[in-house]
Each structure stands twice: as C-alpha cells, then as structure tokens.
Amino acid sequence: MQSDFLFFLGVMVFFFVLWLAGGGPSNPISFSGPFITPVTGVGQTQVGYGDTDWYKGGINVTGGLPSIRSAEVRSSVQSIEYQLGNLQIESKRQALFSTPSPKRGLVTISGGNVSSTDPQHEYLVLQASSSATEPITITGWKLVSVATDRSATIPQGTKLPTSGTLNASEPIVLYPGERAYVITGESPIGGSFAENMCTGYLGVNQSFSPALGRRCPSPSSEFDRHFTGNPYKETACYNLVRNTSMCVTPQEDSRTSANCLSLIYSRLTYNGCVENYRYSSSFYSDIWRIYLGRTEITRRNDSTMRYGELWKDSREAIRLLDENGLTVDLYTY
C-alpha cells in the first residue's frame, strides 16, 4: 500500500513539474476559459490565447508572455524522469522490505563475507545504532533470504565463556554501538560469545573467521608484575616469556621452574587471563560472535548454495526480522 502511494505521488509530481516547465501559472492557457479561443463580441477579431492582444474577464493583456526555451524544458523533463525512476526503485524496495518493525533503524545489516561457500567463513555483520537509548536483545530474531526462503534464528550465547567447562547460555544483547559477526557455521568453542581481552588465546590452536583480535596482556609485563621468584636468578623463565608472542601460552619443558610454571598457568593462559582481568573496565570489546551452526552439505543445481551456506553469492536480499516477524532491516547485494 505504501509503495503504491509513493509511485502515485511520483507520477503526480512528474506531471506537475511538466506543467511548471511549460510555463505553469504564467502560461495564458492556465487561466483561459473553457473554449479553444476566447469568446469575442460583435466586431472583435478572434485570436488564440497567448496572442498579442486578447481578453480575459475584461482585462486586456498585451505584449504576450515569454516562452521557455526547449533546452530548459528537456533538462526539466530529464530531471523529473530521474526522480521518478528513483521513486520507482524506492517503491519496490519498500514492497520488499515488508512490514517495518518498531525497532527499525536500531540494528542494521552489512556484508561481511557472504560470497564464501564454506559456512565457517560465511558471515554477516549486525550493527547496533550508537544512538540507541537502551540495549537490544536480538536472540530470537531471524535472518531470511528473500531469494531462497532459507532462514536462521539468532541463538543464545555465553558472554564470558570459560575453557574446559560447560558454559551456561543467555540471550544475546547488543549495547549501543556494538556489532556482531553472524557466522553460518559452527563455533570452534561450542557456542556464541563476546570477544574480550583474553579471547586471542582461543585463536592460537583453533580457526576463527574473521580472525580473533589479539589484545591480551603482554607476557613481558605479566612477568615483570607477577613473577614470584627471583627475576634476576631465573633468566631462563625471563627469556622464555620475553620471546613468547602476545596471546600465546609459553611452551614449558622439563627445565621450567615451579615459579615459572605458576606464572604461565595463572597468567598466560585463557582461563588465567580471564580470572585476573574479567573485572577490568576495558575487558570486553564491542564484538559478539554469533554462530548459526550449519554444517550440512546441500546438493543443488545452483552452485552458489553448496556446503550448507545460507546466502547466495550475488542478487540476494536478506531480511532481519524481530521476534514478531517484522522487518528491522533489509540488506541487498
């Protein structure tokens, strides 16, 4: 209904501007009578509207009216045609958008890597508006392909996962300005989670796409601050830690001292990092990783829909629907 109104409005605007381009209210025909030529009295010469001398309502208008040059008319018509074309495109987009959600504008979709045929590398990006006035719960929302009708529901996640334990799940909430990578495949750690200053450790032995950021505390600074032995005596531990990359657990051996092992396991592992920094004001990043858990191989003639991916490589439209099935955003490519 709204799209039909926009198109109708565009047509009316088109004819209105054509009227203005032809002279509008300054054109004599605009305020002429119902006859082809003005009605004349006995003894008067009949002339057309716009001629040198003619009469309307007893008022004599002489000298004629200036005409509009054809180039100006063409330019005006081309401009209106362009605007009408834009209105037609917007009308179709409104029809494709379907019924808007009250949350429209609060969360938007953008492309991450929708062209991948591997569900572990295929992902979209959801972005919460920085102008949102409150957190937005997106668990239970749906992503739907307009081209194929395939869909996936955004699951629950674990804001702070702990390695080696069964983590409780909770609704996923985006705060203003936060974003989420929505990955088609399975999670390397078993569920969706929020990135933090320690999650770089998780990416050392497991593959994440996109790659996890590495902003863990520096191993050297951890040694300087928390090593409990004699730092000048235990040179081997110092050298081991100093030569270890950020977010990597040092490789111990039989010569590693007890004090050095204590530092490694209490500070330079994922769980150790979490235990020590979880209450830091800069602990969490602004990124969630949401996994839809698709792994099955889909056998279709359409080669762009193999290996369980959700989205086509091109000519795709993806709706983000809220918990009531209303459209929050539409992404086309």
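Quick notes on this one:
- For segment 197-301, the square roots of the Cα gyration tensor eigenvalues, ordered a ≥ b ≥ c, give a/c of at least 1.5 with a/b greater than b/c, which places it in the prolate category.
- A simple spin-label model places pseudo-atoms 7 Å from Cα toward Cβ; at GLU81 and LYS233 they are separated by 9.0 nm.
- The relative contact order of segment 106-156, computed from alpha carbon pairs under 8 Å that lie at least 6 residues apart in sequence, is 27 percent.
- Peptides 311-324, 132-145, ordered by how many other C-beta atoms sit within 10 Å of their residues on average, highest first, read 311-324, 132-145.
- Carbon and sulfur %, accessible surface of segment 189-333 computed with the full protein complex present, 1.4 Å: 45
- For the pair ALA211 and ASN243 in one chain, pulling the backbone fully straight at 0.36 nm per residue adds 9.3 nm over the alpha carbon distance.
The values are calculated or read from the model by the stated rules, or taken from the named source; none is laboratory data. Because the structure is predicted, anything quoted here is derived from the model rather than measured. With ideal geometry, Cβ positions are generated from the backbone for all residues, glycine too; neighbour counts draw on all protein chains shown. When the accessible area is computed, the model is the full protein with side chains, heavy atoms only, and any ligands, DNA or RNA have been set aside. Shrake-Rupley method; radii C 1.70, N 1.55, O 1.52, S 1.80 Å.
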